[in-house]
Amino acid sequence: MSVPVMTVPGEAPPTTAAVRATGLTKTYGSGETAVHALAGVDVEFQRGRFTAIMGPSGSGKSTLMHCLAGLDTATAGQVWLGDTELTRLRDDQLTKLRRERIGFVFQAFNLLPVLSAEENMTLPMQLAGQRPDRAWMDDVVDRLGLRDRLGHRPYELSGGQQQRVAVARALLPRPDVVFADEPTGNLDSRVGAEVLGLLRSSVRETGQTVVMVTHDPVAAAYADRVVLLADGRLAGEVHHPTADAVIDALRGLGG
Ligand SMILES: Nc1ncnc2c1ncn2[C@@H]1O[C@H](COP(=O)(O)OP(=O)(O)OP(=O)(O)O)[C@@H](O)[C@H]1O
Ligand SMILES: [Mg+2]
């Protein structure tokens, strides 16, 4: 399968971007105590690419992902998913769009305690009236090492297993974009590598678009591109990142 190579940032026509934002601003509170979690972010994520977002704690990474995924409303600015402007949608339209076109792996996994691992994985598709592709589901379940945990409830799973269920849930419907907020934060390095490998192969082999927050330069090196945030602003990019290049770029932020 050939992957289109487009490396001119900001110059691509809108249709090649899976998701993009202009002037994205998120302010909590007001007056002297206002926190500018996002202070005007222009960013674009190409279709079929794997992008990592990095930056110091509190730099706005989770806020950015939540605004891009329509989980949080921006104070100002616009977000497009393909040709759809999220920032114009009504609540019910946004709920439908999130269900059908976006996968999200939360920093805290947000699994439903009364459902088994398998039921948690397939819930978003059920809500959308769809069924997961069997072969794809088998592949995801096996690669994440969840085969013998499918019938377990979240409280019967380790933190790392819950995290893998959350990753499977996001990948199964093959959404337009998978957003993952530190998807390897609770995993040992071997399992973490398996999750990262699965995310990367979903990009390489099926053209999935993935945007991932991570603190780990080794994890970021699985991505095609790293976007750096500092104090709610873009603070640089690394293309074709290696762990060393990422460490150097982070050092430059003083974070
Ligand atoms: N609901 C809220 N009310 C007030 N301030 C908030 C709220 N949510 C986030 N913030 C602030 O916005 C800023 C950005 O937070 P965010 O969670 O996006 O950071 P982050 O880069 O994801 O950090 P971490 O790496 O620790 O997860 C922080 O200063 C945070 O304290
Ligand atoms: Mg965060």
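The values are calculated or read from the model by the stated rules, or taken from the named source; none is laboratory data. These numbers come from a predicted model, not from an experiment. Because the Cβ atoms are built from the backbone with ideal geometry, glycine has one as well, and the counts that use them run over all protein chains shown. Heavy atoms of the whole protein, side chains included, go into the accessibility calculation; ligands, DNA and RNA do not. Shrake-Rupley method; radii C 1.70, N 1.55, O 1.52, S 1.80 Å.
For (1) within 21 Å of Ala180 (Cβ to Cβ); (2) among the acidic types (Asp, Glu); (3) without any contact (Cβ under 8 Å) to a residue 40 or more places away in the chain, each residue gets a yes or a no:
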| position | (1), (2), (3) |
| --- | --- |
| Met212 | yes, no, no |
| Val218 | yes, no, yes |
| Tyr222 | yes, no, no |
| Arg225 | yes, no, no |
| Pro241 | yes, no, no |
| Asp244 | no, yes, yes |
| Leu253 | no, no, no |
For this session: Given the conditions (1) surrounded by fewer than 23 Cβ atoms within 10 Å (Cβ to Cβ); (2) free of Cβ contacts under 8 Å to residues at least 60 places away in the same chain, report the number of the one that Glu182 does not fulfil.
Result: (2)
Exercise. Only one of Val210, Val140, Val203, Val195 is of a type outside the set (Lys, Arg) and either touching a Pro at 6+ places or on another chain (Cβ under 7 Å) or within 16 Å of ligand 2 (Cβ to nearest atom) (or both); which?
Worked result: Val195
Exercise. When you look at Gly29, is it surrounded by fewer than 21 Cβ atoms within 10 Å (Cβ to Cβ) and either out of contact with any Gly (no Cβ under 6 Å at 6 or more places or on another chain) or within 24 Å of Gly185 (Cα to Cα) (or both), yes or no?
Worked result: yes
Exercise. Is one or more of the residues making up the range 49-72 closer than 12 Å to Leu229 by Cα, away from ligand 2 (no atom under 16 Å from the Cβ) and either in contact (Cβ under 8 Å) with a residue 60 or more places away in the chain or polar (S, T, N, Q) (or both)?
Worked result: no
Exercise. Does the range 165-175 contain any residue that is surrounded by fewer than 16 Cβ atoms within 10 Å (Cβ to Cβ), of a type in the set (A, V, I, L, M, F, W, C), under 26 Å from Gly48 (Cβ atoms) and modelled with pLDDT under 95?
Worked result: no
For this session: For residues that are closer than 14 Å to Ala180 by Cα and open to solvent by 80 Å² or more (accessible area, probe 1.4 Å), scanning just the range 96-115, find the one that is farthest from the chain's Cα centre (by Cα).
Result: Asn110
Seminar exercise, completed: Those residues of the range 223-240 that are in contact with a Pro (Cβ under 9 Å, 6 or more places away or on another chain) and buried (at least 21 other Cβ atoms within 10 Å of the Cβ) come to a total of 3
Problem set entry | Sole exception among (1) within 16 Å of ligand 1 (Cβ to nearest atom); (2) open to solvent by 50 Å² or more (accessible area, probe 1.4 Å); (3) assigned to a helix (DSSP H, G or I) for Ser62, by number | (2)
Exercise. So which residues in the range 212-250 are part of a loop (DSSP other than H, G, I, E, B) and not polar (S, T, N, Q)?
Worked result: His215, Asp216, Ala221, Tyr222, Ala223, Asp224, Asp231, Gly232, His240, Pro241
For this session: Among the candidates Thr73, Thr87, single out the residue that is within 16 Å of ligand 1 (Cβ to nearest atom), of a type in the set (Ser, Thr, Tyr) and open to solvent by 30 Å² or more (accessible area, probe 1.4 Å).
Result: Thr73
